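Heads up: the structure comes next, in structure tokens.
The values are calculated or read from the model by the stated rules, or taken from the named source; none is laboratory data. Predicted model, so just to flag it, every value in this text is computed and none were measured. Here the Cβ is made from the backbone with ideal geometry for all residues, glycine too, and neighbour counts use every protein chain on show. Please note that ligands, DNA and RNA were not included when accessible areas were found on the heavy atoms of the full protein model with its side chains. Shrake-Rupley method; radii C 1.70, N 1.55, O 1.52, S 1.80 Å.
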Amino acid sequence: MRFSKLLAVGIALLASRAALAQTPSYKGVGRTPTQEEIQTMDISAGPDGKGLPAGQGTAKEGAPLFAAKCAVCHGANAEGAKIGPRLTGGQAEIDSLKTLQPVRTVGGYWPYATSVWDYINRAMPRNQAGTLSPSEVYALTAFILAKSNIIKEDDVMDAKTLPKVQMPNRNGFVPPRYQDVVDEHKRGCKQGVCP
Amino acid sequence: MNPKQSDRRNFLKNGAALAGLAVGAATTALPAAAETAPDIDELHKYGERSPLVKSVRIGSINNPERHLKDEPVAFGLKSPLQDQVGMITPSSLHFIVSHGYEPPDLDPREHRFLIHGMVDRPLIFTVDDLKRLPSVSRFHFIECHGNSSPGGPGGPERKAVIATAQDTHGFTSCSLWTGVPLSLLLKEAGVQKGATWILAEGADASKHSKSIPIGKALDDAIVAYGMNGEPIRPEQGFPLRLVTPGWQGINNVKWLRRIEVVDEPYMAMMETSRYPSVKLDGKSRWFEFELGPKSVITRPSGGQRLAARGYYEISGLAWSGGGAIRRVEVSADGGRTWKDAQLHDPVAKKAHTRFSAPWTWDGEEAVLQSRCTDDQGTVQPTVAEVAKLWGADVDYLKKTSAIVGDFNAIQPWKVNRDGSVQNALF
């Protein structure tokens, strides 16, 4: 008697819970974006050039653009000014990394040239970001790289050439291969020191 | 929107304008009191603290004057830890680091959050869509990797003898974050084989972007819309923020608008230029994520003064990116002897934990410090131990102009005979 009553209650409970207990489907929450929506929002460029758009530019073409849109904050030769940091650099800056006053600049520190394109494209000119065309961003990137003697004035920067540019401090990072980052993290390495 | 204008001031201004209109339009003048007195009910709709409570965030190299002159603000604002009780940071006092950018003016009805890249089904959500999905609410701290660093742009004020707990440790805060587990959203989108990282991006003026290993995204990351029971504050990411529990603040992307599933880190500006730690060998450690165990006594702490000898409760905060705080020890004699402190509930994973210990001041000089251990067994290090990890000596930590990332050394406060308390890190 008692047992069957319990059973009945149990069955009733099971039945009423069924709707809730099923693995719910979240279909219909959110929607599939249009190709156009993805394209407008997807502004990132990776170190191997993934995401870099068509277009091209040289340092020569970048010079007047830099003078008009960037020099006010970064100085005429990208040497830095009151508001914007210095962008040029090379061996002297790399040497400074071993001192108590390390200096990090685009030319003297950044490991990938694609990051320069990506950052100018998403963030510069400061507070007027998004106003430059892809070719203008290639030209401005070329200007900064040429001022740091990493490329020549006439070298054409585009989606193919930019990822191939060797940045002077490319080998200054630990772990050297980003493929090892996740593994080192799993092993509990801290500040490059592994247990 | 100018975030410095409080709602109350806006209301008063609007109220005055409305009253002015009414006077202009009405043929009979209203009584003077009605023109100026604010509507009491209106003032109580969103509460404010007592005008006698003055605790505020302070700028770190963030000189407001520079800001007024349209110059970029270099850094951010530190939270007044010494004035806080419990383990929650009031939303109004949560620290801010946004590299000088003001919060973007985002309308949650217009805002869209996109998941795409190496997924079977790209998805786009409104904030309301996300609120239909299963939610979690969790206590988590967010801390800047430069918090309490002796070097870097904020170094001098952090090392100063007169430094307060706000000066030394103010770039950490703890909130109850509410939102949808990112793992659920990624499952809906269907992560493809070979995907190893995500790129998270904000809608601020610099479109801040950050690469994060996909393991974290599938573990405990949250796409949050709530903070301490209400929508996230504009300066903290309204309407959406990615919360990556226990990881350096820079990963907790505010104003989240997009997550791209990818197979490599995208080498964004912040992760290749600003946030790697440069060591004396000239090499930079990049993609450091998890913050180690850290604690600080907030009472008594730098800048405070003990009124008289006798009983005081030593109180402070402990937290770790490795998990929950398991133990906090307190020393009142410069580290010669240690006693277990009491941990106050809630003791949550990757959250600030309040601790306390009884202490009677005998009027003599004393050095107070705390040391915490997390549930992984990791113990908060001494300054000498941190120096060793950096392959340097303590003198280097004292003198470097570079940010010493993830600096989590024990913080000593010296109590002088006159009751004054000062920073005794070095």
Meets criteria (open to solvent by 40 Å² or more (accessible area, probe 1.4 Å) and not small (Gly, Ala, Ser)) for residue A:118: no
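Just need a number here: residues in the range A:144-190 that are in a strand (DSSP E or B) and at pLDDT below 95. Break it down into steps so the answer makes sense when it comes.
Going through the range A:144-190, the residues in a strand (DSSP E or B) turn out to be A:157-158, A:173-174, A:190.
Pick out the ones that are also at pLDDT below 95 and you get A:174, A:190.
Counting residues in the range A:144-190 that are in a strand (DSSP E or B) and at pLDDT below 95 gives 2.
Of everything in the range B:186-202 that's aliphatic (A, V, I, L, M) and surrounded by fewer than 23 Cβ atoms within 10 Å (Cβ to Cβ), which residue is farthest from the other protein chains (Cβ to nearest Cβ)? Quick ask: steps written out before the conclusion?
Going residue by residue through the range B:186-202, those that are aliphatic (A, V, I, L, M) are B:186, B:189, B:191, B:195, B:198-200.
Retained after the next criterion (residues that are surrounded by fewer than 23 Cβ atoms within 10 Å (Cβ to Cβ)): B:186, B:189, B:191, B:195.
On the way: B:186: 12, B:189: 9, B:191: 15, B:195: 12 Å.
Restricting to residues being aliphatic (A, V, I, L, M) and surrounded by fewer than 23 Cβ atoms within 10 Å (Cβ to Cβ), the top hit is B:191.
Looking at B:358, B:346 in this structure, which one is assigned to a loop (DSSP other than H, G, I, E, B) and surrounded by fewer than 17 Cβ atoms within 10 Å (Cβ to Cβ)? Steps first, please.
Working: B:358 fails: assigned to a loop (DSSP other than H, G, I, E, B).
Criteria check complete, one pass: B:346.
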Qualifying positions in the range B:232-282 - open to solvent by less than 10 Å² (accessible area, probe 1.4 Å) and among the aliphatic types (A, V, I, L, M): B:232, B:240, B:242, B:243, B:253, B:256, B:259, B:261, B:262, B:267, B:268, B:278
Name the residues in the range A:80-98 that are surrounded by 15 or more Cβ atoms within 10 Å (Cβ to Cβ) and either among the basic types (Lys, Arg) or part of a helix (DSSP H, G or I) (or both), would you? A:86, A:93, A:94, A:96
For the range A:157-174, state whether one or more residues are basic (Lys, Arg), in contact (Cβ under 8 Å) with a residue 60 or more places away in the chain and more than 9 Å from chain B (Cβ to nearest Cβ). yes
Does any residue in the range B:318-339 that is outside any strand (DSSP E or B) come within less than 9 Å, Cβ to Cβ, of a residue that is of a type in the set (Asp, Glu) and surrounded by fewer than 24 Cβ atoms within 10 Å (Cβ to Cβ) six or more places away or on a different chain, and which pairs are these? B:320/B:290; B:320/B:375; B:321/B:290; B:322/B:290; B:322/B:375; B:323/B:375; B:324/B:375; B:338/B:329
When you look at residue A:126, is it without any contact (Cβ under 8 Å) to a residue 40 or more places away in the chain and part of a loop (DSSP other than H, G, I, E, B), yes or no? no
Can you tell me which residue is farthest from residue B:419 (Cα to Cα) among those in the range B:361-370 that are of a type outside the set (A, V, I, L, M) and assigned to a strand (DSSP E or B)? B:370
Please work out which residue is farthest from the other protein chains (Cβ to nearest Cβ), limiting yourself to the range B:215-231 and to residues that are surrounded by 22 or more Cβ atoms within 10 Å (Cβ to Cβ) and either of a type in the set (Gly, Ala, Ser) or over 20 Å from the mean Cα position of the chain (by Cα) (or both). B:224
Pick from the range B:316-331, criterion among the small types (Gly, Ala, Ser) and surrounded by 22 or more Cβ atoms within 10 Å (Cβ to Cβ), ranking: nearest to the other protein chains (Cβ to nearest Cβ): B:321
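Using the structure shown, decide if residue B:170 is among the small types (Gly, Ala, Ser) and either open to solvent by 10 Å² or more (accessible area, probe 1.4 Å) or at pLDDT below 95 (or both). It would help to see each step written out before you state the result.
Details: among the small types (Gly, Ala, Ser): yes; either open to solvent by 10 Å² or more (accessible area, probe 1.4 Å) or at pLDDT below 95 (or both): no.
It is false that residue B:170 is among the small types (Gly, Ala, Ser) and either open to solvent by 10 Å² or more (accessible area, probe 1.4 Å) or at pLDDT below 95 (or both).
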Candidate set: the range B:270-280, residues that are in a loop (DSSP other than H, G, I, E, B) and within 7 Å of chain A (Cβ to nearest Cβ); chosen: the one farthest from the chain's Cα centre (by Cα): B:280
The one condition residue B:392 fails out of (1) open to solvent by 50 Å² or more (accessible area, probe 1.4 Å); (2) over 24 Å from the mean Cα position of the chain (by Cα); (3) at pLDDT below 95; (4) within 24 Å of residue B:161 (Cα to Cα) is (1)
Please tell me if residue B:304 is open to solvent by 10 Å² or more (accessible area, probe 1.4 Å) and not acidic (Asp, Glu). yes
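What's the total number of residues in the range B:249-264 that are assigned to a loop (DSSP other than H, G, I, E, B) and within 12 Å of chain A (Cβ to nearest Cβ)? Reasoning before the result, please.
Taking the range B:249-264 as the starting set, the residues that turn out to be assigned to a loop (DSSP other than H, G, I, E, B) are B:252-255, B:263-264.
Right, trim to within 12 Å of chain A (Cβ to nearest Cβ) and you get B:263-264.
Matching residues across the range B:249-264 total 2.
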Check off (1) without any contact (Cβ under 8 Å) to a residue 12 or more places away in the chain; (2) open to solvent by 60 Å² or more (accessible area, probe 1.4 Å); (3) within 21 Å of residue B:267 (Cα to Cα) for residue A:101 and give me the number that stays unchecked. (3)
Taking the range A:177-195, which residues are within 9 Å of chain B (Cβ to nearest Cβ), open to solvent by 50 Å² or more (accessible area, probe 1.4 Å) and either of a type in the set (Ser, Thr, Tyr) or within 22 Å of the chain's Cα centre (by Cα) (or both)? A:179, A:185
Scanning the range A:36-49 residue by residue, those under 20 Å from residue B:272 (Cβ atoms) and either part of a helix (DSSP H, G or I) or more than 8 Å from chain B (Cβ to nearest Cβ) (or both) turn out to be A:49
Cβ pairs under 6 Å, 6+ apart or interchain, first in the range A:57-75 and more than 13 Å from residue A:88 (Cβ to Cβ) and open to solvent by 40 Å² or more (accessible area, probe 1.4 Å), second acidic (Asp, Glu) and at pLDDT 95 or above, ordered by first then second residue, are A:60/A:153
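Condition (residue is in contact (Cβ under 8 Å) with a residue 12 or more places away in the chain, in contact with a strand residue (DSSP E or B) (Cβ under 9 Å, 6 or more places away or on another chain) and within 14 Å of another protein chain (Cβ to nearest Cβ)) applied to the range B:300-315: is it met by at least one residue? Spell out how you get there, then give the answer.
Let us first name the residues in the range B:300-315 that are in contact (Cβ under 8 Å) with a residue 12 or more places away in the chain, namely B:300-315.
Checking which are in contact with a strand residue (DSSP E or B) (Cβ under 9 Å, 6 or more places away or on another chain) leaves us with B:300-306, B:308-315.
The next check asks that each one be within 14 Å of another protein chain (Cβ to nearest Cβ); those that pass are none.
No, the range B:300-315 has no match at all.
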Residue satisfying condition, being hydroxyl-bearing (Ser, Thr, Tyr) and touching a strand residue (DSSP E or B) at 6+ places or on another chain (Cβ under 6 Å), within set B:401, B:331: B:331
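On the basis of being touching an Asp or Glu at 6+ places or on another chain (Cβ under 9 Å) and of a type outside the set (S, T, N, Q), does residue B:399 make the cut? Before you say what the answer is, go through the steps one by one.
Details: touching an Asp or Glu at 6+ places or on another chain (Cβ under 9 Å): no; of a type outside the set (S, T, N, Q): yes.
Here the answer is no, as residue B:399 does not meet what is asked.
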Going through the range A:109-122 in order, the residues found to be within 16 Å of residue B:286 (Cα to Cα) and assigned to a helix (DSSP H, G or I) are A:109, A:115
